[in-house]
Amino acid sequence: MSQQVQGVVAPGKNESVRIETIVIPDPGPGEAVVKIQACGVCHTDLHYKQGGISDDYPFLLGHEASGVVESVGAGVTDVAPGDFVILNWRAVCGSCRACLRGRPWYCFNTHNATQKMTLTDGTELSPALGIGAFAEKTLVAAGQCTKVDPSVAPAVAGLLGCGVMAGIGAAINTGNVGRGDSVAVIGCGGVGDAAIVGSRLAGAARIIAVDIDDRKLATAKTMGATHTVNSRTTDAIGAIRELTGGFGADVVIEAVGRPETYNQAFYARDLAGTVVLVGVPTPEMKIELPLLDVFGRGGSLKSSWYGDCLPSRDFPMLIDLHQQGRIDLAAFVTETIGLGDVEKAFARMHEGDVLRSVVTL
């Protein structure tokens, strides 16, 4: 039997979000209903609201979440009612060409729940990243649920559902940062700071944080940056080279998603170094680089999809490291808020006042 809950909906492009009554169907085959306990306010949700991802309004926002499985549909064996889970937006299929090659983190056939959540008038909702977790409960594919240690705080656990995992994974999985490497991270919001944490965890010797906001640079230092560069007042490329013996960083992680910052990343890396793009650009953005420089500088230009993570492998591992005190995931939680505060949280995010506002229920 379907049930009704409260959730945060973006009704149209750049319209203020509002709380609506959401109809959640019973889980069908391969699906699960999850009672949400916490959900981070991510830039991707703001992109949905602004029309930067699609125009398939109305959207049920929220995706960076943790909660408890309430019920499951037929054929679900990996999770059961009562399990504490982190939701992920890349439920791997196990049978596409990437999965069959042993690279499930690249799965080309990820899936979401088949049934639709709706408004009470029957209007179908588009859940953000197939999740829609700014709600008391949500319907997802069971493969989007990853069991973790239930003793961890929900507000902390949920962050691995998107931004923190994207940043840590960009460093460790995509960038292959190793012991003694030099790393530059351009853009020190939540994802960039997570890349700093990941670089430190991997043993990087020098971690250079680059941003235009001194407040963010100060926070980056607490996350593990060894040096900071304010690119509003200092040439970022020159500063990174100077801090790396004139050569450039071994790995440069671009966590902004803009052509000008990507250009900085490209020229701030050492010969044969690696650029990792984890910042999300908008559809109209383009880059222009001399092809001779692409050839002559060598190395790798990579994009990081969700930190190239495998949730079943990475989420429990990172929760364990947090529980051991080896990484401080709680440092990313600036404030906890209610469902009615999401619009204000978007404004605070835009002003650079928070790493993460987290909705708790």
Positions within the stretch 104-126 being within 21 Å of P81 (Cβ to Cβ) and of a type outside the set (A, V, I, L, M, F, W, C), in sequence order: N112, T114, Q115
Leading residue by the ranking (farthest from D45 (Cα to Cα)) among those in the stretch 292-318 that are assigned to a helix (DSSP H, G or I) and of a type in the set (A, V, I, L, M): L292
Residues of the stretch 168-188 that turn out to be part of a loop (DSSP other than H, G, I, E, B) and surrounded by fewer than 24 Cβ atoms within 10 Å (Cβ to Cβ), as a count: 5
Any hit, the stretch 280-291, residues being among the hydroxyl-bearing types (S, T, Y), under 21 Å from G169 (Cα atoms) and outside any helix (DSSP H, G or I): no
Meets criteria (touching a helix residue (DSSP H, G or I) at 6+ places or on another chain (Cβ under 8 Å) and not in a helix (DSSP H, G or I)) for S151: yes
Tally of residues being out of contact with any Gly (no Cβ under 6 Å at 6 or more places or on another chain), open to solvent by 70 Å² or more (accessible area, probe 1.4 Å) and in contact (Cβ under 8 Å) with a residue 40 or more places away in the chain across the stretch 75-104: 1
Hits in the stretch 214-233 - residues which are β-branched (V, I, T), in a helix (DSSP H, G or I) and open to solvent by less than 60 Å² (accessible area, probe 1.4 Å): T219
Count - residues of the stretch 268-298 that are within 21 Å of R179 (Cα to Cα), surrounded by 18 or more Cβ atoms within 10 Å (Cβ to Cβ) and of a type in the set (G, A, S): 2
Residue within the stretch 246-260 that is modelled with pLDDT of 95 or more, of a type outside the set (D, E), under 22 Å from G40 (Cα atoms) and open to solvent by 70 Å² or more (accessible area, probe 1.4 Å) present: no
First in the stretch 300-321 and without any contact (Cβ under 8 Å) to a residue 40 or more places away in the chain, second anywhere and exposed (fewer than 15 other Cβ atoms within 10 Å of the Cβ), Cβ under 9 Å, 6 or more apart: S300/A272; L301/V294
Options A194, A265: the member that is crowded, with 21+ Cβ neighbours inside 10 Å and under 23 Å from D45 (Cα atoms): A194
Residue within the stretch 234-242 that is in a loop (DSSP other than H, G, I, E, B), of a type in the set (D, E) and under 16 Å from I196 (Cβ atoms) present: no
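Could you please let me know if E64 is under 27 Å from K302 (Cα atoms) and open to solvent by less than 20 Å² (accessible area, probe 1.4 Å)? Give the steps one after another, and end with the answer.
On the way: under 27 Å from K302 (Cα atoms): yes; open to solvent by less than 20 Å² (accessible area, probe 1.4 Å): yes.
Yes: the conditions hold for E64.
The values are calculated or read from the model by the stated rules, or taken from the named source; none is laboratory data. Given the structure is predicted, the values throughout are model-derived calculations rather than measurements. Heads up, the Cβs are rebuilt from the backbone with ideal geometry, glycines too, and the neighbour counts pull from every protein chain shown. Protein only, heavy atoms only, side chains kept; ligands, DNA and RNA dropped before computing areas. Shrake-Rupley method; radii C 1.70, N 1.55, O 1.52, S 1.80 Å.
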